[in-house]
Every structure is written in structure tokens, then in C-alpha cells.
1. Quickly work out the Ile133-to-Ile46 label distance, labels modelled 7 Å from Cα along the C-beta direction, and quote it in nm with one decimal.
2. List the equivalent ellipsoid semi-axes of segment 56-162 in whole Å, largest first, each obtained as the square root of 5λ for an eigenvalue λ of the Cα gyration tensor.
3. Within the chain, which whole H helices from DSSP have a Cα span along their axis of at least 20 Å and a mean Kyte-Doolittle hydropathy of -1.0 or more, if any?
4. Taking the Cα centre of the chain as origin and charging only Cβ (+1 Lys, Arg; -1 Asp, Glu), how large is the dipole, in debye to the nearest 20?
5. Per DSSP H run of at least 4 residues, take -39500 (n - 2.57); add these up for the chain, divide by its residues and hand me the 222 nm value, nearest 500 deg cm²/dmol.
6. Just the number please: accessible area per residue for the chain, 1.4 Å probe, all protein chains included, in Å².
7. Work out the charge dipole of segment 14-124 with +1 on the Cβ of Lys and Arg and -1 on the Cβ of Asp and Glu about the Cα centre, then indicate which of Ala17, Ile54, Met71 is farthest towards its positive end.
8. Share of the chain's accessible area from carbon and sulfur, percent, 1.4 Å?
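The values are calculated or read from the model by the stated rules, or taken from the named source; none is laboratory data. Just so we're clear, the structure is a prediction, and the values are computed from it rather than from any experiment. Please note: Cβ atoms are built from the backbone with ideal geometry, for glycine as well, and neighbour counts cover all protein chains shown. Protein only, heavy atoms only, side chains kept; ligands, DNA and RNA dropped before computing areas. Shrake-Rupley method; radii C 1.70, N 1.55, O 1.52, S 1.80 Å.
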Amino acid sequence: GTCINVAVTLLCAYPLARHGLRGRGFFTFVFTFTMIFSGGMIPSYILMRNLRIINTVWAMLLPGAMSVYNMIVTRTFFQSTIPDDLLEAARIDGCTDAQFFRRVVLPLSKAIIAVIALYYAVGHWNSYFNAFIYLSDRALYPLQIYLRQILIQSNFESDMLDEDTLRDGMSGNLCRCT
């Protein structure tokens, strides 16, 4: 999941960082708008159901394939770190946009790649809600769902133990009083 997230974020942030992209402001607005206003849980579930990815591993990977916040941070890094003159020099040498991205931008962006990979990895580690909603097959459950089940079971057992102790203690108190 982290590899998918990093790849999608880099492929989205790099064109938005380029000054030559037509409609750059519009696309940035669209991404920012979706960051602020989401469709909600029910439309998301209906979409996942219609895409037939409920109860698959893709239900965990695709809904959060890109964080707009991470994309904006990465775009800002590209804009402030990689000068336009470097692209012009590469073009003079016959470099295409894809080659420039792969051979120049990615090696110069190791720091931001490490940062967003860490953000995404922690996000996947803590992912609980999507698994709780979209998965029902126990074989696909992430660790967080298993830990939740263990926690609920131990709380249930301790509550049952407390009730038995309380009931035994109350019956003992009643016997002493009479």
C-alpha cells in the first residue's frame, strides 16, 4: 500500500509543480476541494460495492491511494528544490519529461520520498476504520482488527469476572448479616 501511495503522490505532485501545466490552479483547487469536502461514508461504501472491491485487499489500498496533504507537501518540495533551469538543461541534452522525472527528479527527492513513505506506512499501520467497514473475511483482516477483537474479548471476560466476584461478594455479605 505504501508503494502505491508514494507512486501516485509523486506522479500527481510533479506535474502540478511544473509551471508549464495548463490548468494547474484548477487541478490544485479540485484536489484541495476533495480534501475539505468528502463524499461521506455511505457514498464511499456504495462506490466500493459498485466497483466490486468489498472484501478484497483493494478495498484497503485504493480509497486512500493518495493523501492530498502529502501531495501538496511533495509539490511544494518539487517547486522549491528543483529549478526550472535544470529541466531546460536536460531538454537541451535530449531528455524527455519522463526521463527527467526518473533520472533527475527522483534522485534529488529522496528526502521527501522518505517522509511521505513514512507518513503512508504509519497510516497503513493505523488503518482500522476502512478494514472495519469494507472487510468481513477474517483472512483479510489487518492486525488492528485482530487486536481490537482481543481487547473486546479480554474486556468482556474481565467484566464477567467482575460480575461473578461482585455477586459472590454480595451473597457473602448477605449471609453474614442474617
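1. 1.4 nm
2. Value: 46, 14, 10 Å, ordered largest first.
3. Details: long enough: 2-17 (22 Å, 1.68); 110-125 (22 Å, 1.37); 143-177 (51 Å, -0.27).
Those that pass (Cα extent of 20 Å or more, hydropathy at least -1.0) are 2-17, 110-125, 143-177.
4. Working: 14 positive and 12 negative charges, 139 e Å.
Roughly 660 debye for the chain.
5. -22500 deg cm²/dmol
6. Here the residues of the chain average 68 Å² of exposed surface.
7. The one lying farthest along the dipole's positive direction is Ile54.
8. Values: 7880 of 12050 Å².
So the carbon and sulfur contribution to the accessible surface is 65 percent.
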